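Presented below is the structure to which this report refers.
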Amino acid sequence: MYVAVKGGEKAIANAHALLAKEGRGDPGIPAIGRDAVAGQLPVLVSRVMTEGSLYDPKLAARAVLRCQGDVLEAITLVRSYRTTLPRFGYSEPIDTAGLAPQRRVSATFKDIPGGQQLGATFDYTHRLFADPTSDGPVDTGADAVPMPRVSDLLGSDALLEPDRAADRTDPEPADLTREPTVFPMTRAERLQGLARGDEGFLLALGYSTQRGYGSTHPFAGEIRVGEVEVEFDAPELGFPVPLGRIEVTECQMINQFTGNSDTPAQFTRGYGLVFGRGERKAMSMSLVDRALRADEFQERIVAPAQDEEFVLSHADNVQAAGFVEHLKLPHYVDFQAELHLIRRLRRDFHDNAGSKQETNA
Amino acid sequence: MSAQQIEYNIGYLDEQTKRMIRRTLLKAVAIPGFQVPFASREVPLPRGWGTGGVQLTAAIIGSDDVLKVIDQGADDTTNAVSIRAFFNLVAGVPTTTRTEDATIIQTRHRIPETPLGEGQIMVYQVPIPEPLRFLEPRETETRRMHALNEYGLMYVKLYEDIAKYGHIAKTYDYPVLVNDRYLMAPSPTPSFDNPKLHQSQALHIFGAGCEKRIYAIPPHTDVESLGFEDYPFEPQNFDQPCAICGSTGVYLDQIITDNAGGAMYACSDSDHCERTAARADNEEAAT
């Protein structure tokens, strides 16, 4: 006997109970705590914070657990919570030159003032299934050596384009999460979109620019990971007060130069900044940022990564996941309409074929 | 319950894979400069970090071999140290930093300053094997261009450089014509090193892991860097000597020494630099 599918309350409740059971696993094994996730899966938590646009490791850890490790679900959860929070204002720009790097590498110079610092990284770990050696001496090396940005070193020789043109003002950036977006965007808005964008998507786009689809040909000028202080300037106080510290990963890419007979050749840059430890994302972001600046440098737009509208309309994984997954929702009515039409078209086709045969005969 | 012990084959790759790579290599040697596709494998470092070079080394290395690994010319850079440690672990072969003692030299970006000899093999880690890639991103097109010996596009690019900047603006991965037939990317070695490829006594093999290509320059092969009659190929050169060992005519690294833009220049080939400096010290002590 055929029973039409009806989404009853009971079905939903049962589905949720089953989901919870699947997520709990073997009840004989202790459940993972939020602190364990925050402390032992810091890279995952960083990603959820970055793409969820909310710095809160505990909350992100809770989202990861709640979503059984489904990153996109966790990001959705964090973002949905975020919109319920009142906004008091905007913090001061963070000063990444002042951060005491836990990790700092430059691929452009063998030695730099302040030195290179490998820090906590998967680089150079051979991906072998062997027992990790965790008992070595751990020197976090967080000495107070000043570490000027590599881009500033190059910039002092005018080899690298300045952060912004001398005659350009720095208007308050628009807030992508509060204001409607209109293309073309400002670079500040674009960077917000990229920071929230899906790591996998940006990685693929960044990779495509390296392989020749909108060649950006970069050098990693500097990648640094560390904690910075966040300050908030409350108008009634008249001076900025520190709110606390956050961990960030910053990447400055140095790209092929521009220049012609009128202006001397200069390297150009791409920029990436994410919460926590997220080098892959910060690097991808800076590749795509540079590719999207094609207009500024009168470059031909020939590749997907250079197309602002294409990139930013599809970078948001919460949007993308929602729209792809909405296909699971019932579409009985529109499908019925299509069915009706296709049946009619087929009938017409056969009728015509029939009458043609008659004419031929 | 204890975790299952995992053991790796000698040289890391399994024997069938090594055989497949050696066959590809034979074809590559037989057609100098031609990119031979191969079924690249995952190895325990990220794609693009020298996986092609690692696979080539793994396929040819034997117990008689002595391995040297350089990155940016230096034996002491992190990536070189890491890959050397890897082969020491999985192949159990001796390693060296002395160019002439090595039978296999895996490299990223440099050809040693010490001239290579008969029987030595240079293994290159190649990120982008296709010299035409940045002019034409599609592989289907570039393969056709190679087949037809149609390299006009590259000459146009070099011509445009001259028109725009007054000289050819290609500083590394400078395209070469191998054995008068195939246009080849010498991997991101600086153009300074290009002349070392011409009629070299050593075998040069190139592995691109991501892009799944292997190609080669057999010993005693003509390798010509592209240029024009009136704008011939000119390798980069340096005016000053190395600040540490005093060598001239070698490739130098810029080392930033202070925040005010101060810098010194020293050999990128650490083996060459150390030995030249030591020799100078000895001579000084003798006199």
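Between the beta carbons of B:Glu15 and A:Tyr90, assuming R0 = 60 Å, the FRET efficiency works out to 0.45 to the nearest 0.05. Around the Cα centre of region B:1-120, unit charges on the Cβ atoms of Lys, Arg, Asp and Glu (plus for the first two, minus for the last two) sum to a dipole of about 480 debye. Taking the three principal axes of the alpha carbon atoms in region A:292-361, the coordinate ranges are 68, 35, 10 Å, sorted in descending order.
Straightening the chain between A:Ala36 and A:Ser80 buys 13.5 nm, computed as 0.36 nm per residue apart minus the Cα-Cα spacing.
Using Stokes-Einstein with the Kirkwood hydrodynamic radius over Cα pairs, what translational diffusion coefficient do you get for region B:106-214 at 25 °C and a viscosity of 0.890 mPa s, in µm²/s rounded to a whole number? Kindly include the intermediate steps, with their values, before the conclusion.
On the way: Rh = 14.9 Å.
Calculated translational D: 165 µm²/s.
Computed log10 I(q)/I(0) for region B:131-287 at 0.10, 0.17 Å⁻¹: -0.50, -1.12, from the Debye equation with unit scatterers placed on every C-alpha and solvent omitted. Rounded to the nearest 20 debye, the dipole magnitude of the protein assembly as shown is 2820 debye, with +1 charges on Lys and Arg beta carbons, -1 on Asp and Glu beta carbons, and the Cα centre as origin.
When region B:1-98 is described by a simple charge dipole with +1 on each Lys and Arg Cβ and -1 on each Asp and Glu Cβ, the residue from B:Ala91, B:Gln35, B:Tyr12 located farthest towards its positive end is B:Gln35.
Each principal axis of region A:14-115 carries a Cα extent, and these read 60, 36, 21 Å when sorted largest first. When the charge dipole of the protein assembly as shown is built from unit charges on Cβ atoms (+1 for Lys and Arg, -1 for Asp and Glu) and taken about the Cα centre, the candidate among B:Thr107, A:His326, B:Gln254 whose Cα reaches farthest toward its positive end is A:His326. Of B:Lys170/B:Lys212; A:Lys281/B:Lys196; A:Lys281/B:Lys18, which pairs sit farther than 28 Å apart, going by alpha carbon to alpha carbon? Violating the 28 Å limit, Cα to Cα: A:Lys281/B:Lys196; A:Lys281/B:Lys18. For the peptides B:263-272, B:31-40, A:151-160, A:33-42, residues were scored by their other Cβ atoms within 10 Å and the scores averaged per peptide; the highest-first order is B:263-272, B:31-40, A:151-160, A:33-42.
With Cα atoms as the point set, the radius of gyration and Dmax of region A:309-350 evaluate to 16.6, 46 Å.
How large is the direction-averaged shadow of the alpha-carbon convex hull of region B:193-260, in nm²? Each step should come with its number before you reach the end.
Details: hull surface 34.3 nm².
Answer in nm², one decimal: 8.6.
First measure r as the distance between the Cβ atoms of A:Arg127 and B:Arg22, then evaluate 1/(1 + (r/R0)^6) with R0 = 30 Å and state the FRET efficiency to the nearest 0.05. Once the sixth-power term is evaluated, E becomes 0.80.
For B:Thr96, what charge total do you get from the other residues with a beta carbon under 10 Å from its beta carbon, if Lys and Arg give +1 and Asp and Glu give -1? Mind dumping the intermediate values first?
Details: positive: B:Lys68, B:Arg84, B:Arg98; negative: B:Asp75, B:Glu100, B:Asp101, B:Asp271.
Value of the local net charge: -1.
For region A:224-361, the Kirkwood estimate of the hydrodynamic radius, built from every pair of different alpha carbons, is 21.3 Å. The Cα-based radius of gyration of region B:145-191, divided by its Kirkwood radius, gives an Rg/Rh of 1.00.
Specify whether the C-alpha gyration tensor of region B:58-121 places it in the rounded, prolate or oblate class, a ≥ b ≥ c being the square roots of the eigenvalues: rounded for a/c under 1.5, otherwise prolate if a/b is larger than b/c and oblate if not. Cα axes put region B:58-121 in the oblate bin.
Going by Cα centres, region A:19-76 and region B:124-186 are how many Å apart? Between the Cα centres of region A:19-76 and region B:124-186 lies a distance of 48 Å.
Which value results for Rg/Rh of chain B when Rg is the Cα radius of gyration and Rh the Kirkwood radius based on the inverse mean 1/r?
Details: Rg = 20.0 Å, Rh = 20.2 Å.
Here the Rg-to-Rh quotient is 0.99.
Mind grabbing the base-10 log of I(q)/I(0) for the protein assembly as shown at q = 0.05, 0.06, 0.09 Å⁻¹? Debye formula, identical points on the C-alpha positions, no solvent, two decimal places. Result of the Debye calculation: -0.30, -0.43, -0.91. For region B:79-93, the Karplus equation 6.51 cos²θ - 1.76 cosθ + 1.60, evaluated at θ = phi - 60°, returns couplings of 5, 5, 4, 5, 5, 4, 5, 4, 6, 4, 6, 8, 10, x, 9 Hz by residue, with Gly and Pro reported as x. Spin-label pair B:His220-A:Arg343: with each label point 7 Å from Cα along the Cα-Cβ axis, the two points sit 8.1 nm from one another.
In region B:16-145, the inverse of the mean reciprocal separation of distinct Cα atoms equals 15.7 Å; this is its Kirkwood hydrodynamic radius. Projected onto its three principal axes, the C-alpha set of region B:233-278 covers 34, 30, 13 Å, listed from the longest axis down. In chain A the Cα-Cα distances spread across 20 Å bins starting at 0 as 22, 49, 21, 7, 1 percent of all pairs. Note on chain A: dipole from Cβ charges, positive end direction compared against A:Leu99, A:Phe183, A:Leu159; the farthest Cα belongs to A:Phe183.
Laboratory data are not the source of any read-out in this text; all were calculated from the coordinates shown. Quantities reported herein were computed from a predicted structural model and do not represent experimental measurements. Cβ coordinates were reconstructed from backbone atoms using ideal geometry, including for glycine residues, and neighbour counts include every protein chain displayed.
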